[in-house]
Amino acid sequence: MNQLAQKICLHFTWLFVALVGGAFAVAGWIPPFSPNGSFAQIAGHFHHHQNVRIASAMFFFGGAFFVFPAAVFAAQLRRIEGPRSVYAQAQMLIAAVGVLFIMIPAALWLGISYYNGVDDSVVVVLNATAWFMILGAVASAILQNVGLGFCILGSDGSVYPRWVGYVNLYCGTGLMVGILIPFFKKGPFAWNGVLGFWVVATDFFIWVFVMYFTTLQAVNADVAVPAPVETPVPVAAR
């Protein structure tokens, strides 16, 4: 077992958090602007705004970094499941899909801020699509939470404490608020609302930190068992 490699990959969590969380701050989207504004108001957030392009680049790199800690989560789940590690494989596949739901919105925001004179209606539609993906397309994150939760709760608690399984199920339930985002343009369920933005974002980053620290503990405790040394049989006893 390569503990050093696992720790290096796990520490990429901090780059993920710094770049993705920082991207929202750089773009001035904490919280995001209202989806209930006029087309001209919404499009105005992208015209001549260099910060959006910087934020998009941060989303690109930050989203990709999440693959590394996800690989460590899967490695620890294999300790629970053994060679036929269904939850570990599903967790990796879902994490890869989740990364796309960060990078594709970044590409859309970059595209609509790259050219001047883009029709306001085009900007508004592409921007809405981006928000629906990054905050509303929560199915992959929910399934990742559920898979982790079921796997951990089905274990003896030697790799992850059982409470981590319950945290995963709780976070998966909280993320379900994102499903309602496409149905509201104002109020708590809109993409800039208390539930639509703050609950979804806070819930996700709580999960990231819980998984980081508990996985680090699991990696530190994952000491390879040395192979038994075969005692040579004396010649006289043969």
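If I ask for residues that are assigned to a loop (DSSP other than H, G, I, E, B) and open to solvent by 30 Å² or more (accessible area, probe 1.4 Å), which ones from the stretch 1-33 would you list?
Met1, Asn2, Gly28, Ile30, Pro31
Looking at (1) assigned to a helix (DSSP H, G or I); (2) more than 17 Å from the chain's Cα centre (by Cα), which is the one condition that is false for Phe68?
Looking at each condition in turn, Phe68 falls short on (2).
Looking for something buried (at least 18 other Cβ atoms within 10 Å of the Cβ) and over 19 Å from Trp109 (Cα atoms) - is there at least one such residue anywhere in the stretch 53-65?
Taking every residue of the stretch 53-65 in turn, at least one turns out to be buried (at least 18 other Cβ atoms within 10 Å of the Cβ) and over 19 Å from Trp109 (Cα atoms).
Any residue in the stretch 108-124 that's farther than 21 Å from Ala57 by Cα: show its pairings with residues that are open to solvent by less than 40 Å² (accessible area, probe 1.4 Å) at Cβ separation under 9 Å, as long as the two are six or more apart or on different chains.
The qualifying pairs are Asp119/Ala43; Asp120/Ile42; Asp120/Ala43; Asp120/Gly44; Ser121/Ala43; Val122/Ala43; Val122/Ile112.
Just need a number here: residues in the stretch 72-89 that are out of contact with any Lys or Arg (no Cβ under 6 Å at 6 or more places or on another chain) and either of a type in the set (Lys, Arg) or open to solvent by less than 40 Å² (accessible area, probe 1.4 Å) (or both). It would help to see each step written out before you state the result.
Pass one, the stretch 72-89, residues out of contact with any Lys or Arg (no Cβ under 6 Å at 6 or more places or on another chain): 72-84, 86-87, 89.
Retained after the next criterion (residues that are either of a type in the set (Lys, Arg) or open to solvent by less than 40 Å² (accessible area, probe 1.4 Å) (or both)): 72-79, 82, 84.
Total meeting the criteria: 10.
So for the stretch 34-51 (the condition being modelled with pLDDT under 90, open to solvent by less than 20 Å² (accessible area, probe 1.4 Å) and assigned to a helix (DSSP H, G or I)), does at least one residue qualify?
Among the residues of the stretch 34-51, at least one is modelled with pLDDT under 90, open to solvent by less than 20 Å² (accessible area, probe 1.4 Å) and assigned to a helix (DSSP H, G or I), which makes the answer yes.
When you scan the stretch 64-84, how many residues do you find that are among the aromatic types (Phe, Trp, Tyr) and within 19 Å of Asn220 (Cβ to Cβ)? Please lay out each step first, then the result.
First, the residues of the stretch 64-84 that are among the aromatic types (Phe, Trp, Tyr): 65-66, 68, 73.
Subset that is within 19 Å of Asn220 (Cβ to Cβ): 68, 73.
So the answer is 2.
List the residue pairs whose Cβ atoms are under 6 Å apart, where the first residue sits in the stretch 169-188 and is in contact (Cβ under 8 Å) with a residue 12 or more places away in the chain, the second is not in a helix (DSSP H, G or I) and not β-branched (Val, Ile, Thr), and the two are 6 or more positions apart or on different chains.
Sorted first by the residue in the stretch 169-188, then by its partner, the pairs are Leu180/Phe189; Ile181/Trp191; Phe184/Ala190; Lys185/Pro35; Lys185/Asn36; Lys186/Asn36.
Can you tell me which of (1) more than 17 Å from the chain's Cα centre (by Cα); (2) over 27 Å from Val72 (Cα atoms) is the one Arg162 doesn't meet?
With (1) more than 17 Å from the chain's Cα centre (by Cα); (2) over 27 Å from Val72 (Cα atoms) applied to Arg162, the lone miss is (2).
The values are calculated or read from the model by the stated rules, or taken from the named source; none is laboratory data. The model shown is predicted, which means the values in this text are computed figures rather than measured ones. Every residue, glycine among them, receives a Cβ derived from its backbone with ideal geometry; neighbour counts consider all protein chains shown. For the accessible areas, the whole protein counts, side chains as well, though only heavy atoms, and no ligand, DNA or RNA atoms are used. Shrake-Rupley method; radii C 1.70, N 1.55, O 1.52, S 1.80 Å.
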